[in-house]
Structure formats: structure tokens, C-alpha cells
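Structure, as C-alpha cells:
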Amino acid sequence: MNPPFTTAEKVLLLIRLIFLSRQIQYLSPTTRKTYTTWVRQRLSKSHSDASVQARLKVEIEPLTDERSSILWVGDCRKAKKVVLFLHGGGYVVPLLPGHLEWCWRTYVSVGMENGVETAVAVLEYTLCPEALYPVQLRQAVVALARLLDYGIRPRDIIIGGDSAGGNLAAQLVSHLCEAVPLIPTIVLDEPLAGMFLVSPRLSNKTTDESFVHNGWIDMISAETVTKSNMYYLGLSAVADCPAKSQMAAFPIDRDLAYMRRMPLIVKAVYLTVGNEEVLRDQVIRYASEVRRANPRFELRLDLQERMAHDFILLEGQNRTMGKCMLAMRQWYKGLLTEKGSVG
């Protein structure tokens with residue numbers, strides 16, 4: 001259930017949250033610092049591994065808005081496939097080392113194992129409260145446009161992310177289907193290779209059964225989601241419903257007609273969510289709505305038993321090859337080994 005905040009209480013809470021988000025970011029390494037530290041440590045630990053030395057270096061590419069950058073993991077010059085990775089953290093918490101372990105262990109390593117060189121373009125987007133919606137969506141569009149400008153074919157690009165990053169990836173696909181006003185448009189001449197969403201936030205609502213049943217188990221709750229909305233949407237989040245212009249921030253709250261165009265935008269979708277997490281029901285609904293709009297569309301929903309929010313990130317943080325990472329590796333391998341997948 002939604003926390004019983006009055007409008008005045010929400011305004012005061014937002015003010016407190018702005019200070020809290022600044023404290024979180026002050027105490028946390030920045031996305032860029034985490035990236036450079038991780039790359040250097042990985043190179044140091046793998047000084048005798050030629051495959052790592054050939055594929056890793058600190059490579060930061062500023063984007064045109066001068067507030068965001070692509071952080072490369074893998075050999076971007078030899079890559080046959082590129083993953084545009086959007087990290088989670090409620091749009092407040094920077095990238096974690098576990099995100100980079102996940103990217104390396106699944107996409108780059110699986111590419112090496114299957115003879116399809118893969119590089120990951122990690123988007124360093126602007127965090128809240130420095131930037132609110134739709135700045136992050138605009139930055140994701142600019143990042144995708146940069147990859148296309150390099151001559152990388154859509155069929156060789158995979159997009160995805162976890163939690164808020166999954167929200168952003170789903171926003172990006174919905175925008176490609178039906179453009180959000182004031183956001184640059186991209187017209188694809190063929191579908192993207194795939195999209196993966198891990199524990200994504202897809203709705204503004206917190207009334208699903210999974211919020212009630214799993215709120216005491218999961219690491220996030222209805223209150224967490226409500227606070228996250230305030231970080232992301234700013235003062236407009238004090239209303240019970242977001243403004244019409246902000247509905248596109250939540251891919252199953254907006255008009256779902258855009259979903260009929262998804263096969264033109266992305267070839268395959270992998271959704272993964274823990275059975276014990278509060279976002280479970282909205283992820284299931286998203287899968288159901290996409291399938292209803294496109295009965296023959298390639299969509300895999302992985303409802304992971306005894307898992308809560310974003311467990312693949314925890315595996316990355318612990319540097320372990322757990323069930324979530326193995327499942328992602330299997331999906332990505334299938335994408336690579338499918339006939340005709342290597343362009």
C-alpha cells in the first residue's frame with residue numbers, strides 16, 4: 001500500500017531526500033571512480049592473462065550533452081556486438097563494482113567463449129537530484145545514437161539494465177516505439193538484437209499484491225519506491241498521479257498502444273524478476289501486455305524462485321557465478337549463437 005503521506009508531508013520529505021541523496025553520493029565513489037578503480041584492479045590481478053589485457057583499459061567517451069559519458073568494458077574497436085548497459089540505483093546511487101563484474105562475466109566473457117567479440121558501453125548518466133526526468137532518458141538516446149553513428153548496426157546492439165536502469169532501458173524502447181515529446185528521436189531501419197530487464201521498475205503504482213506479500217522480505221518496499229519517485233520526478237511527485245508528460249517514465253502506466261511496435265524495435269526481450277520481490281507483479285504484467293500485443297514475439301520471462309530484488313548485482317558484488325548470472329549468460333549465449341545473429 002502507498003504510505004499515507006499528505007501533500008505537505010511529501011514536500012517536506014522531498015526536501016529531506018534531496019539532502020539525503022547528496023549524502024549518499026558524497027559517501028559513495030562516483031560512477032567514473034568506480035569504473036576506473038575496477039578496470040585497474042582487474043588488470044592488476046590479471047597481468048598474465050593476455051585476453052584480459054587486450055580487452056580492458058580505462059576508456060571514457062564524453063557524449064554531446066557534456067554531462068554523460070560512455071565507459072567502455074571490452075574491446076570496442078573489435079566488437080561484433082555492443083551492450084548498452086544502464087545501471088540501477090534508484091537514479092541516486094552511482095554504479096557499483098558488481099555491475100562491472102556482471103558485465104564482464106556475462107557479456108564480454110560469453111562473447112569470448114563463443115567467438116563473438118562483445119564490448120559493453122556503460123552509460124554514466126546524471127544522477128538525481130542534479131538532473132530529474134527526462135534527462136536520463138535523453139542521455140540514453142544520445143548514447144544509442146553515438147553507437148549507431150559509429151556504424152554499429154541495430155542488429156548488433158543489445159540494451160538493458162537493472163532496477164532503475166531496467167526502467168530506463170524500457171523507457172528507451174518505448175520511446176523508440178512512440179516518441180516522447182522534447183526527446184530526440186531515432187528511426188531504426190531494423191530491430192535491435194535484444195533487451196534485458198533485471199528487476200525493472202515499470203509502474204508508478206505500489207498497490208500490487210507483491211508489494212504486500214514481499215514488502216517485509218525484499219530490500220525495497222512501497223515506501224522506498226515512493227521516495228524514489230520523488231528523487232526522479234521532483235516536486236511533481238507530490239501528486240498521487242504523475243503529470244501526463246511524465247507517464248512515459250513508467251512503461252506500463254502510459255498508453256500501451258506503443259507495444260504493438262516493439263517487434264520493429266527489438267528482436268528479443270529477457271525479463272528477470274525474483275519471486276520474493278515487490279516489483280514481481282508489475283514485471284509479470286509488462287510481459288503479459290507485450291505478449292498480448294504481439295503473440296509471436298520472442299519474450300522470455302524468468303521468474304526466479306527464492307530471489308529478491310536485483311540478486312544478479314549481489315552476485316557481481318560478491319564476485320560469484322550464481323544462478324542469476326548463469327541464467328543471463330545462457331540468454332546472451334542464445335542470442336549470439338542463434339543462426340544469423342552475427343552481423
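Derivation of every value follows stated rules applied to the coordinates shown; laboratory data play no part. Computed from a predicted model, the values in this text were never measured in an experiment. Virtual Cβ from ideal backbone geometry, glycine too; neighbours counted across all protein chains shown.
Please report Trp102, Trp331 as a ranked list, fewest other C-beta atoms within 10 angstrom at the top and most at the bottom.
By the 10 Å Cβ count, ascending, the order reads Trp331, Trp102.
List His213, His99 from most exposed to least, where exposure is judged by having the fewest other Cβ atoms within 10 Å.
His213, His99
May I ask which of Lys81/Lys205; Lys205/Lys267; Lys45/Lys78; Lys45/Lys81; Lys45/Lys333; Lys205/Lys323 have a Cα-Cα span longer than 31 Å here?
Lys81/Lys205
Can you put Ile157, Ile252 in order of Cβ neighbours within 10 angstrom, beginning with the fewest?
Going from sparsest to densest Cβ surroundings: Ile252, Ile157.
Suppose a student asked you for the relative contact order of the chain, using Cα pairs under 8 Å spaced at least 6 residues apart; what percent would you report?
That works out to 20 percent.
Could I have the simple spin-label model distance between Glu338 and Thr320, label points 7 Å from Cα toward Cβ, reported in nm to one decimal?
If labels sit at Glu338 and Thr320, their model points lie 3.1 nm apart.
Run the simple label-point estimate for Glu130 and Asn275 please: 7 Å along Cα→C-beta, distance reported in nm.
Using points 7 Å along Cα→Cβ, the separation is 4.1 nm.
What is the helix-to-structure angle for 7-27, meaning the angle in degrees between its Cα long axis and the longest Cα principal axis of the chain, kept from 0 to 90 and rounded to the nearest 10?
Once rounded, the angle reads 30 degrees.
What shape does the stretch 15-168 have by the C-alpha gyration tensor, where a ≥ b ≥ c are the square roots of the eigenvalues, rounded means a/c under 1.5, and otherwise prolate means a/b greater than b/c and oblate the rest?
oblate
Give the angle, between 0 and 90 degrees and rounded to the nearest 10, that separates the Cα long axis of helix 222-233 from the longest principal axis of the Cα atoms of the chain.
Approximately 80 degrees, to the nearest 10.
Is the stretch 284-342 best put as rounded, prolate or oblate by its Cα gyration tensor, with a ≥ b ≥ c the root eigenvalues, rounded for a/c under 1.5, and otherwise prolate when a/b is larger than b/c, oblate when not?
Oblate.
Given a Förster distance of 41 angstrom, what is the FRET efficiency for Glu61 paired with Leu256, based on the Cβ-Cβ distance and rounded to 0.05?
Working from the Cβ atoms, E equals 0.70.
Once the piece of chain linking Arg296 and Ala50 is laid out straight, how much longer is it, given 0.36 nm per residue of separation minus the C-alpha distance between them?
84.3 nm
For the stretch 7-337, rounded, prolate or oblate, judged on the Cα gyration tensor with a ≥ b ≥ c (square roots of eigenvalues), a/c < 1.5 rounded, else prolate if a/b > b/c?
Rounded.
Between Val187 and Gln41, what length comes free when the chain is fully extended (0.36 nm per residue of separation minus the Cα-Cα distance, one decimal in nm)?
That works out to 48.6 nm of additional length.
Take the alpha-carbon centre of the stretch 150-219, take the same for the stretch 281-343, and report the distance between them in whole Å.
Rounded to whole Å, the Cα centres lie 13 Å apart.
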